[in-house]
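Enquirer: Before anything else, here's the structure in question.
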Amino acid sequence: MKRALPIALLLACAAPASAAQTDWVEVAPEVSLRLVSADVVTPEGTVWMGLEVDMPATTKTYWRVPGESGLPLTFDTAGSEGIGEIDIAWPYPKRETAGGYLDHAFYGRVLIPFQVAVEGDAPKFVADVAMGVCSDICVPVSTRFELAPALDAPDSTSDLRIRQALANVPLPHDGEGLLGKASFDAQEGAILVDLEDSRFDPASMIAEIAGSNLLFGEPELSPDGGTLSFPLLGRFEAEDIAGAQARFTFDTPDGPFEILRPLTIAGNV
């Protein structure tokens, strides 16, 4: 895959909708987007919604830490009414190296669920959505959606699709017996974490610094089998590291999980 080309955004606009989904909007050849809503208010005062992406099996978009050639998904909800914070629940991605670049990606048809805080009885969700899609070339695309969740009429079909997507979202794991202390080695430029169970296969594990777009490479096991090292790909600033948490996301036969660990500093930052 090639790096994203510096071309103008491909713009489209979805018509307003009051049902549990918008119309499909084609944002690139054979790539369409729409929003869906479960139209159910949780006890926490949120509604589950989802960005549904319909792409060919060979076309991809990107995870929360996109990688070296990807662009992040963003929502701008400035035009919304009765809408608060958005919390994206990211499914576990595919990690791949193509053309020498490491990416975290989704292929084909995918639904990315998110929770939206709502206020009042008639919220209107307006979002300018921007993301990267990549086939032979990588392009940034953008569209606007408007969706008014019908809070008095749950939509079972959309709710089912969202729940199916949530099944691929990593669950929190305390890491007890798997991972120990984590540190960032400034001289090596890598996250190091103690591996407490030699039977655990960490090959699927993705390391990141929570809240940061710093990209770390595939895990490397120390000769004694006691430490995992995730090399930083690129530069870092001291504020990206100080007081941060490392997040380790991995897949298992029982589904994906994630472990958080406070990140100490080794060496001079």
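Enquirer: Restrict the check to the stretch 239-250 and report whether at least one residue is surrounded by 15 or more Cβ atoms within 10 Å (Cβ to Cβ) and within 30 Å of ASP39 (Cα to Cα).
Expert: yes
Enquirer: Assuming GLU258 fulfils every condition listed in (1) crowded, with 20+ Cβ neighbours inside 10 Å; (2) more than 19 Å from the chain's Cα centre (by Cα); (3) within 25 Å of LEU73 (Cβ to Cβ) apart from one, which condition is it?
Expert: Of everything listed in (1) crowded, with 20+ Cβ neighbours inside 10 Å; (2) more than 19 Å from the chain's Cα centre (by Cα); (3) within 25 Å of LEU73 (Cβ to Cβ), GLU258 misses just condition (2).
Enquirer: Need the failing condition index for ASP224 against (1) open to solvent by less than 40 Å² (accessible area, probe 1.4 Å); (2) part of a loop (DSSP other than H, G, I, E, B); (3) within 15 Å of GLY180 (Cβ to Cβ); (4) not hydroxyl-bearing (Ser, Thr, Tyr), just the number.
Expert: Condition (1) is where ASP224 drops out.
Enquirer: Inspect the stretch 210-219 for any residue being outside any loop (DSSP other than H, G, I, E, B) and either under 30 Å from ALA117 (Cα atoms) or open to solvent by less than 20 Å² (accessible area, probe 1.4 Å) (or both) and give the result as yes or no.
Expert: Yes, some residue in the stretch 210-219 is outside any loop (DSSP other than H, G, I, E, B) and either under 30 Å from ALA117 (Cα atoms) or open to solvent by less than 20 Å² (accessible area, probe 1.4 Å) (or both).
Enquirer: Identify the residue in the stretch 32-52 that is assigned to a strand (DSSP E or B) and hydroxyl-bearing (Ser, Thr, Tyr) and, among all such residues, is least open to solvent (accessible area, probe 1.4 Å). Full working, then the answer.
Expert: First pass over the stretch 32-52, keeping only residues assigned to a strand (DSSP E or B): 32-41, 46-52.
Subsequent filtering for residues that are hydroxyl-bearing (Ser, Thr, Tyr) retains 32, 37, 46.
Values: SER32: 25, SER37: 0, THR46: 20 Å².
The qualifying residue least open to solvent (accessible area, probe 1.4 Å) is SER37.
Enquirer: Further question: Mind checking which pairs have a first residue in the stretch 236-257 that is outside any strand (DSSP E or B) and a second that is modelled with pLDDT under 80, Cβ under 6 Å, 6 or more apart or different chains?
Expert: From the stretch 236-257, the pairs are ALA238/VAL269; ILE241/VAL269.
Enquirer: Looking only at residues in the stretch 151-193 that are over 20 Å from PRO256 (Cα atoms), loosely packed, with under 15 Cβ neighbours inside 10 Å and not hydrophobic (A, V, I, L, M, F, W, C), which one is modelled with the highest pLDDT?
Expert: If we take residues in the stretch 151-193 being over 20 Å from PRO256 (Cα atoms), loosely packed, with under 15 Cβ neighbours inside 10 Å and not hydrophobic (A, V, I, L, M, F, W, C), then LYS181 is modelled with the highest pLDDT.
Enquirer: Within the stretch 101-136, track down each residue that is open to solvent by 60 Å² or more (accessible area, probe 1.4 Å), within 24 Å of GLY67 (Cα to Cα) and over 14 Å from the mean Cα position of the chain (by Cα).
Expert: TYR101, ARG109, ASP136, listed by residue number.
Enquirer: Somewhere in the stretch 14-22, is a residue open to solvent by 10 Å² or more (accessible area, probe 1.4 Å), in contact with a strand residue (DSSP E or B) (Cβ under 8 Å, 6 or more places away or on another chain) and at pLDDT 95 or above?
Expert: No, the stretch 14-22 has no match at all.
Enquirer: Search the stretch 110-133 for residues that are closer than 18 Å to GLN21 by Cα and pair each with any residue that is surrounded by fewer than 21 Cβ atoms within 10 Å (Cβ to Cβ) and basic (Lys, Arg) when their beta-carbon atoms are under 8 Å apart and the residues are at least 6 apart or on different chains.
Expert: Short answer, once both residue conditions are applied: LEU111/ARG161; VAL126/ARG144; ALA127/ARG144; ASP128/ARG144; VAL129/ARG144.
Enquirer: Just a yes or no: is a residue in the stretch 73-85 of a type in the set (Val, Ile, Thr), more than 19 Å from the chain's Cα centre (by Cα) and either surrounded by 18 or more Cβ atoms within 10 Å (Cβ to Cβ) or not in a loop (DSSP other than H, G, I, E, B) (or both)?
Expert: Kept after step one, since they are of a type in the set (Val, Ile, Thr), are these residues of the stretch 73-85: 74, 77, 83.
Going one step further and asking which of them are more than 19 Å from the chain's Cα centre (by Cα), we end up with 83.
Those left that are additionally either surrounded by 18 or more Cβ atoms within 10 Å (Cβ to Cβ) or not in a loop (DSSP other than H, G, I, E, B) (or both): 83.
Yes, that holds for at least one residue.
Enquirer: Then there's this: Select from the stretch 137-157 the residues that are under 30 Å from GLY67 (Cα atoms) and among the hydroxyl-bearing types (Ser, Thr, Tyr) and list them in ascending order. Give the derivation first.
Expert: Here is the first cut: in the stretch 137-157, the residues under 30 Å from GLY67 (Cα atoms) are 137-146.
Scanning the stretch 137-157 gives SER142, THR143.
Enquirer: Ok, one more. With respect to SER158, is the statement that it is under 17 Å from the mean Cα position of the chain (by Cα) and over 28 Å from GLU237 (Cβ atoms) true? Steps first, please.
Expert: On the way: under 17 Å from the mean Cα position of the chain (by Cα): no; over 28 Å from GLU237 (Cβ atoms): yes.
The answer is no for SER158.
Enquirer: Taking into account only those residues within the stretch 89-100 that are open to solvent by less than 40 Å² (accessible area, probe 1.4 Å) and touching a residue at least 12 places away in the same chain (Cβ under 8 Å), which is farthest from LEU33 (Cα to Cα)? Talk me through it step by step, then tell me what you get.
Expert: Residues of the stretch 89-100 that are open to solvent by less than 40 Å² (accessible area, probe 1.4 Å), as a first pass: 89-91, 93, 96, 98.
Checking which are touching a residue at least 12 places away in the same chain (Cβ under 8 Å) leaves us with 89-91, 93, 98.
Working: ALA89: 18, TRP90: 17, PRO91: 17, PRO93: 19, ALA98: 25 Å.
Looking at residues that are open to solvent by less than 40 Å² (accessible area, probe 1.4 Å) and touching a residue at least 12 places away in the same chain (Cβ under 8 Å), I get ALA98.
The values are calculated or read from the model by the stated rules, or taken from the named source; none is laboratory data. What you see is a predicted model, and the numbers here were worked out from it, not measured in a lab. Reconstructed Cβ throughout: ideal geometry from the backbone, glycine too, with neighbour counts over all protein chains shown. Surface areas here come from the heavy atoms of the whole protein model, side chains and all, with no ligands, DNA or RNA. Shrake-Rupley method; radii C 1.70, N 1.55, O 1.52, S 1.80 Å.
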